[in-house]
Amino acid sequence: MKKKVIVGLSGGVDSSVAAWILKEESYDVEALFMRNWHDTTGLLQSECHWEDDVMFAEMVAKKIGIPFHFADLSGPYRERVVDYMFSEYAKGRTPNPDILCNREIKFDTFAAEAFKLGGDYIATGHYCRKEEIISGGKHIFRLLAGKDENKDQSYFLCQLSQEQIARAMFPVGGMTKAEVRETAAKLKLPTAHRKDSQGICFVGKIHLPTFLQQKLEPRKGEIIEIPADAIPAMQHTGIPDENISDEELDLLASPHFLVPSMGKKAGIHNGAHLFTIGQRKGLNLGGYREPLFIIGLDADKNILYVGEGQSHPGLYRKGLCVKHDEVHWVRPDLEMNKGEYRDYLVRIRYRQPLQKARLYMREKGIYIVFSKLQRGITPGQFAAWYDGEEVIGSGVIGQ
């Protein structure tokens with residue numbers, strides 16, 4: 001009996017080719033389009049209309065010859081992704097809604113809808129791969145980077161569980177984007193030349209301050225410019241040995257200590273929660289030889305700290321910490337024990353080249369100390385650690 005696969009058909013080229021591949025491989029394939037957002041507040045209207053997406057998705061399903069279904073998941077999406085975003089920004093942290101969307105919606109709520117349709121698996125157009133192995137007598141699913149290094153999306157799936165990966169398929173993970181486009185063009189799929197979506201998953205490209213002001217009121221506060229020489233120099237290279245103390249790890253993983261007396265007032269902002277570490281745009285301050293960047297923020301006191309130039313030491317840190325309750329193991333069989341340390345490759349944002357780092361499991365959580373200083377370590381974002389091309393685990397950057 002054929003296995004049934006429900007493809008998350010988004011109206012884009014990647015999921016379109018994924019559906020065709022599965023049909024060619026003789027699976028029983030059906031398409032499910034999910035609408036996850038209704039509100040247009042803060043949305044740049046020239047971008048991402050869901051009506052266009054569903055139209056293209058239906059056209060693709062008809063072209064391939066597979067049944068088409070529609071589901072409105074906007075309720076769970078608002079509760080589990082957007083409300084989380086508002087909560088994190090209110091705390092002065094910068095969340096990653098795409099990672100949350102994958103964990104909470106695509107591979108959870110959407111999957112539940114797909115299984116109601118009789119699906120044995122769900123499939124998406126993500127550029128990643130999975131592999132099944134036997135470890136300790138158990139079936140283990142490895143989450144691997146996509147073949148196309150420029151489009152690899154394994155970072156966005158770094159919060160998935162073994163149960164979620166087990167019932168997922170990634171048909172285009174072994175292809176490059178160019179090959180996907182070429183395949184779609186040969187098949188004359190309606191999405192062959194359609195632009196990739198941008199912005200927040202299922203919301204689109206937004207003007208963030210307008211979007212956030214739905215729930216977070218503007219609050220005027222001071223912008224303090226911190227001179228470069230006010231930040232203590234840090235070691236640029238090398239990784240500490242296993243005997244490093246918790247106190248030393250805390251020091252390496254902590255953000256720079258910043259107070260208004262270290263600098264001078266440079267201007268006024270409309271809410272520290274509307275900004276993020278490393279941000280350049282939106283400050284509206286002139287008269288400087290080099291651009292100003294946000295090097296720190298205090299959401300409680302509503303203060304933004306900025307530094308001049310891309311090389312300002314306030315933009316760089318040696319490490320970070322992920323608290324125990326924020327640590328997630330894609331490979332639970334490789335979970336670290338307290339006192340253990342391991343060397344992994346780590347990235348702290350999408351498309352960042354993997355960085356050499358050492359992970360230390362301690363009482364507080366996992367400390368990640370990099371070989372080189374890292375620019376723009378941002379609380380609320382996700383750090384994901386890899387063994388080669390395999391995602392081993394991830395967690396929310398704590399501070």
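What follows is calculated from the coordinates using simple rules that are stated; it is not laboratory data. Because the structure is predicted, anything quoted here is derived from the model rather than measured. Neighbour counts are summed over all protein chains in view; Cβ atoms, including those assigned to glycine, are modelled from backbone coordinates with ideal geometry.
Computed over the alpha-carbon atoms, the stretch 63-167 gives an Rg to Rh ratio of 1.01, Rh here being the Kirkwood radius from the mean inverse distance. Lysine pairs in the stretch 249-399 whose alpha-carbon atoms fall under 12 angstrom of each other, counting only those eight or more residues apart or on distinct chains, come to 5. Using only the Cα atoms of the stretch 90-139, build the gyration tensor, take square roots of its eigenvalues as a ≥ b ≥ c, and label the shape rounded, prolate or oblate: rounded if a/c is under 1.5, else prolate if a/b is larger than b/c, else oblate. In terms of gyration-tensor shape, oblate.
Let a ≥ b ≥ c be the square roots of the eigenvalues of the Cα gyration tensor of the stretch 306-399; is it rounded (a/c under 1.5), or, if not, prolate (a/b larger than b/c) or oblate? Prolate is the answer for the stretch 306-399, as a/c is 1.5 or above and a/b outweighs b/c. Derived from the Cα gyration tensor, the three semi-axes of the equivalent ellipsoid of the stretch 267-347 are 35, 16, 10 Å, largest first. One equal scatterer on each Cα of the stretch 138-195, no solvent, Debye formula: the resulting log10 I(q)/I(0) at q = 0.15, 0.25 Å⁻¹ is -0.56, -1.02. Determine the shape class of the stretch 211-315: with a ≥ b ≥ c the square roots of the Cα gyration tensor eigenvalues, call it rounded for a/c under 1.5, and otherwise prolate if a/b is greater than b/c, oblate otherwise. Taking the square roots of the gyration eigenvalues as a ≥ b ≥ c, the stretch 211-315 is prolate. In a reduced charge model with +1 at each Lys and Arg Cβ and -1 at each Asp and Glu Cβ, the chain shows a dipole moment near 740 debye about its Cα centre. Return one number: the angle in degrees, 0 to 90 and rounded to the nearest 10, between the long axis of the Cα atoms of helix 50-64 and the longest principal axis of the Cα atoms of the chain. Compared with the principal axis, the helix lies near 40 degrees. Across the chain, the volume of the C-alpha convex hull divided among the residues equals 148 Å³ per residue. Seen against the Cα atoms of the chain and their longest principal axis, helix 177-187 is set at about 20 degrees.
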